[in-house]
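Undergrad: The structure that follows is given in the form of structure tokens.
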Amino acid sequence: MTDQTSYETPKRRSLWRRIVDWLRGDSQPVAPPEPAKSFVPAKQEKVEYQPSSEDEPMTVLCQGDVFEFQVYVDLLWSTHVMPYEELTHQAREYTASARDTVRERAWKVARAYSPYQAVEAEAAIQAELDSGWCYSDDAGLVRCTAKVRVLPDPRVREHLRPFSLLELEVEAEASLGRLRVERLGELTHRWQKLFEEIGHGPTVVHAAQMTKPDFATVVARLAGQRRDSATKLIDLLHQTTKDHQHLGLYEFANAYDSALQAFRKQMGLDDSLWSAQPSSVDSGPGTKEKS
């Protein structure tokens, strides 16, 4: 009988089987020890470190190889496998290499842009650096990313200064002009509402004299213009009334006369101003006008 060793969990034997096996000296198969599990350190939270910005920028040539872009670099370091103190140590070790990487990538991109395109060059260089890169040693893996700020060559900035000042001046004048038009429209609208509310009657003219002289002058001028216009319209209505009366169109003549009286009342005009003119129309032939 061949005893086949199994490392699976053995089935429970009967009491008789265990007695027989004990008498024969057969022992229960022993399962091999489980292999030791390798220790995997738990993943830490992300740790970041950003050193202070350096005052000195790196320079890369622009298109044409005459002028340069000034590139200010901020390095950001991060890791998941070491504490903050170790990360700062690793950052100091790799800073020189990281700046070389930034310079190499920025140099390749900057040559495609003119000295006046610092904004466009900054966006292109940043896009080239966004992917980042990593460093690794016995302490673990650290990741480096860079943020850049690009300024044009100082000589280019000095050349553009007069044009920028002129542009600012033109823009300021345009803004001032728009503001003046806006304020003038607002002020005119407010004066218009004021004159519509107070009117142009004789009492308004006298009351305006108690205010500022300029306001009183304007109110008096408006009242005079309104009276002149009213006088012309009254003369026209009066003449039209007489013409229709002479033609025997008394119904129309009475209508014009009613309109004339209503207009006088609306304008607040004293009938004595037109005392020499007829104030009513006869209802038919044979009647005389009242003087």
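Undergrad: Tally up the carbon and sulfur contribution to the accessible surface of region 155-198 as a whole percent, 1.4 Å probe, everything protein left in place. Provide the component values of the computation, followed by the final result.
TA: Numbers: 2490 of 4130 Å².
Exposed carbon and sulfur together represent 60 percent of the surface.
Undergrad: Can you pull the one-decimal nm distance between simple spin-label points at residue 196 and residue 21, each 7 Å off the Cα toward Cβ?
TA: 11.2 nm
Undergrad: Compute the distance in nm between two label points, each set 7 Å from the Cα along the Cα-to-Cβ direction, one at residue 183 and one at residue 171.
TA: 2.2 nm
Undergrad: Check residue 70: other-chain or 5+ apart residues with amide H under 5 Å from its amide H, H built from backbone geometry?
TA: The answer is 151, 153.
Undergrad: Further question on the same structure: Using a 1.4 angstrom probe on the protein heavy atoms only, could you order 22, 77 from most to least accessible area?
TA: Most to least solvent-accessible, the answer reads 22, 77.
Undergrad: Please get the size of the charge dipole for region 49-163, origin at its Cα centre, with Cβ charges of +1 on Lys and Arg and -1 on Asp and Glu, quoted in debye to the nearest 20.
TA: Its charge dipole is roughly 420 debye.
Undergrad: Say each of residue 52 and residue 147 gets a label point 7 Å from the Cα, pointing the same way as Cα to Cβ; how far apart are those two points in nm?
TA: Reported label-point gap for residue 52 and residue 147 is 1.8 nm.
Undergrad: A follow-up question, please. Note down the relative contact order for region 64-130 as a percent, whole number, built from C-alpha pairs under 8 angstrom at least six residues apart.
TA: Relative contact order for region 64-130 comes out at 38 percent.
Undergrad: Something else about it: Local charge sum around residue 57 (other residues, Cβ-Cβ under 14 Å, Lys/Arg +1, Asp/Glu -1)? Can you show the working numbers first?
TA: On the way: positive: 99, 103, 147, 149, 157; negative: 54, 55, 56, 68, 74, 122, 153.
Charge balance near residue 57 sits at -2.
Undergrad: I need the calculated FRET efficiency for the pair residue 96 and residue 116, taking r as the beta carbon distance and R₀ as 41 Å, to the nearest 0.05.
TA: Once rounded, the FRET efficiency stands at 0.80.
Undergrad: If you don't mind, another one. Just the accessible area per residue of region 81-167, please: how many Å² with a 1.4 Å probe?
TA: That works out to 61 Å² for each residue.
Undergrad: Continuing with this model, one more query. Work through the residues other than residue 67 whose Cβ is under 13 Å from its Cβ and net out their charges, Lys, Arg +1 and Asp, Glu -1.
TA: -1
Undergrad: Could you work out the relative contact order of region 124-203? I mean the mean sequence separation of Cα pairs under 8 Å and 6+ apart, divided by the number of residues, in percent.
TA: Normalised by residue count, the contact order of region 124-203 is 16 percent.
Undergrad: Leaving ligands and nucleic acids out of the surface, order 163, 67 by accessible area at 1.4 Å, largest first.
TA: Numbers: 163 130, 67 65 Å².
Listed by decreasing accessible area, they come as 163, 67.
Undergrad: Using a 1.4 Å probe on the protein chains only, how many percent of the accessible area of region 55-110 belongs to carbon and sulfur?
TA: Taking all protein chains in place, region 55-110 shows 49 percent carbon and sulfur surface.
Undergrad: Can you send over the solvent-accessible area of residue 85, 1.4 Å probe, protein chains only, in Å² to the nearest 10?
TA: For residue 85, solvent-accessible area is about 130 Å².
The values are calculated or read from the model by the stated rules, or taken from the named source; none is laboratory data. In this text, all values refer to a predicted model and were calculated from it rather than measured experimentally. Please note: Cβ atoms are built from the backbone with ideal geometry, for glycine as well, and neighbour counts cover all protein chains shown. Side chains are part of the model used for accessible areas, which takes the heavy atoms of the whole protein and leaves out ligands, DNA and RNA. Shrake-Rupley method; radii C 1.70, N 1.55, O 1.52, S 1.80 Å.
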